[in-house]
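For reference, the structure is listed below as structure tokens.
The values are calculated or read from the model by the stated rules, or taken from the named source; none is laboratory data. Being a predicted model, the structure only gives us computed values, none of them experimental. Using ideal geometry, Cβ is built from the backbone for each residue, glycine included, and neighbour counts are taken over all protein chains shown. In case anyone asks, the SASA skips ligands and DNA or RNA and just uses the protein heavy atoms, side chains included. Shrake-Rupley method; radii C 1.70, N 1.55, O 1.52, S 1.80 Å.
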Amino acid sequence: MQKCKMIMDMQGYWAVGSGKGGGSEVDNRIDRDSDGLPYIPGKMLKGVIKDACLHLKACGNANYNFVDVVFGTATEGDGLNRTLTSQGKIYISDARLSVALRSALSQNEAARQNLTRNIYSTAIDDSTGTAKEGSLRGIEVAVPMRLESHIECDCSEAEMEFIKTATQKLVNSIGAHKTRGLGEVVFSFENEVSA
């Protein structure tokens with residue numbers, strides 16, 4: 001079993017959410033964990049990392065032939081039946097703030113409030129140069145921060161290194177509004193003792 005800590009340095013504002021609105025204040029809110037802190041679900045991380053590995057496999061890189069076995073895949077069939085899937089061999093935890101920082105924030109409501117901002121945008125009418133009626137949109141974003149996740153994989157050491165490489169080279173943003181500059185991320189890894 002290969003184990004490592006994945007560190008995500010969020011370089012700017014980022015937004016990972018379920019699409020839930022925030023009433024009259026914002027149109028979309030970010031996901032928060034049980035402590036009310038921003039986080040990134042492990043399921044999303046697994047998806048973007050698998051996608052990075054699949055891109056390298058599609059380019060003919062034979063080092064990534066393990067992707068279907070490690071991440072799981074749909075088996076032969078109509079592709080719509082969830083019972084026709086094969087289970088993967090990798091687990092990626094939710095990405096959260098460090099334990100020490102989470103502990104400090106649990107005592108400080110004001111500091112927790114400073115972890116997010118609301119940003120707004122509007123469409124401009126080309127003919128008048130003013131905001132189009134009803135076009136103001138607001139989203140809640142999280143500020144730059146360092147998140148930690150843990151990976152456990154029933155794979156070889158070499159395969160784990162290929163997963164890390166794909167992640168660091170191809171996953172440069174995560175979450176919503178990536179094309180507008182949100183979610184820029186830099187990944188690093190720390191090895192943990194293998195079982």
Strands (runs of 3 or more DSSP E) lying entirely in segment 93-181 (those with 2 or more residues that are touching a Ser or Thr at 6+ places or on another chain (Cβ under 6 Å), of a type outside the set (Phe, Trp, Tyr) and surrounded by 14 or more Cβ atoms within 10 Å (Cβ to Cβ)): 137-142, 146-153
Residue in segment 10-21 that is at pLDDT 90 or above, hydroxyl-bearing (Ser, Thr, Tyr) and open to solvent by less than 40 Å² (accessible area, probe 1.4 Å) present: no
Close pairs from segment 108-123: first touching a residue at least 60 places away in the same chain (Cβ under 8 Å), partner open to solvent by 50 Å² or more (accessible area, probe 1.4 Å) and of a type in the set (Phe, Trp, Tyr), Cβ under 8 Å, at least 6 apart: 117/13; 119/13
Single condition residue 80 does not satisfy, out of (1) modelled with pLDDT of 90 or more; (2) open to solvent by 80 Å² or more (accessible area, probe 1.4 Å); (3) hydrophobic (A, V, I, L, M, F, W, C): (1)
Unique match (being under 16 Å from the mean Cα position of the chain (by Cα), at pLDDT below 90, closer than 29 Å to residue 49 by Cα and of a type in the set (Lys, Arg)) among 164, 178, 169: 178
Residues that are at pLDDT 85 or above and either under 19 Å from residue 28 (Cα atoms) or of a type in the set (Phe, Trp, Tyr) (or both), drawn from segment 105-134: 112, 113, 114, 115, 116, 117
Complete set of residues in segment 29-41 that are in contact (Cβ under 8 Å) with a residue 24 or more places away in the chain and surrounded by fewer than 18 Cβ atoms within 10 Å (Cβ to Cβ): 33, 35, 36, 41
